[in-house]
Amino acid sequence: MGRTSGRDLAVGCFVLMGLAAIAYLSVSIGGLGNGGPTGLTLVANFDEIGGLKPRAAVVVSGVKVGQVESITLGEDYRARVTLNVDPKLALPVDSTASIMTSGVLGDRYVSLQLGGETETLANGDVIDFTESAVVLERVLGKIVHNLGSGSGGGNDAKDDEPKEGAE
């Protein structure tokens, strides 16, 4: 009986170590353990965020340099997106922020394009130049609306003929 309980204890310890390893990997991959990168906090205001979510990637030239910290509605009723990026970045004050889509129907992320100024953004600064997300439903709606109004516009050949008595 002493051997069986020792074996059971070893198996139990092995199972607990496995569960602890899975929990650690889940937290570290999910980015919950360290709260994400701590560094330069920037704010960008957008008219349309199109499904952008907190913890979405912030990239420069395709390289992840941070993440979206929070999304709120500003006083001007525009989406206020707080970005947390690598503090080693020297982003010029005329840099732009765009909301992009990875793939055709993929996740949204914020892409930063560097400007040409020598002065750089500081912690808490606002990125003035932003480009909102393109919402596929709105684009398709405009195309359908334009096609519909173009075919039945009422400008047919009868309107171009001169009327009797009018010279």
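Miscellaneous remarks
- Residues of the range 56-95 classified as over 20 Å from SER132 (Cβ atoms) and not aliphatic (A, V, I, L, M), total: 8
- Residue list for the range 123-152, filter: in contact (Cβ under 8 Å) with a residue 12 or more places away in the chain and either more than 25 Å from MET100 (Cα to Cα) or in a strand (DSSP E or B) (or both): VAL126, ILE127, PHE129, THR130, GLU131
- The set of residues in the range 136-165 being of a type in the set (A, V, I, L, M, F, W, C) and modelled with pLDDT of 75 or more consists of VAL139, LEU140, ILE143, VAL144, LEU147.
- Boolean, GLY39 is touching a helix residue (DSSP H, G or I) at 6+ places or on another chain (Cβ under 6 Å) and at pLDDT below 90: no
- Set GLY124, GLY103: member being within 21 Å of GLY62 (Cβ to Cβ) and assigned by TED's automatic domain parsing to the domain that holds ASP47: GLY103
Residue-by-condition table, conditions (1) assigned by TED's automatic domain parsing to the domain that holds LEU121; (2) touching a Gly at 6+ places or on another chain (Cβ under 7 Å); (3) not polar (S, T, N, Q):
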{"residue": "MET17", "(1), (2), (3)": "no, no, yes"}
{"residue": "ASP47", "(1), (2), (3)": "yes, no, yes"}
{"residue": "PRO54", "(1), (2), (3)": "yes, no, yes"}
{"residue": "PRO92", "(1), (2), (3)": "yes, yes, yes"}
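- The range 103-122 - residue that is surrounded by 12 or more Cβ atoms within 10 Å (Cβ to Cβ) and assigned to a loop (DSSP other than H, G, I, E, B) and, of those, modelled with the lowest pLDDT: ASP107
- Looking only at the range 43-91, residues that are surrounded by fewer than 15 Cβ atoms within 10 Å (Cβ to Cβ) and assigned to a strand (DSSP E or B) come to 5 in all.
The values are calculated or read from the model by the stated rules, or taken from the named source; none is laboratory data. This structure is a prediction, so every number in the text was calculated from the model and none was measured. Methodologically, a virtual Cβ is constructed for each residue, glycine included, from the backbone with ideal geometry; neighbour enumeration extends over all protein chains shown.
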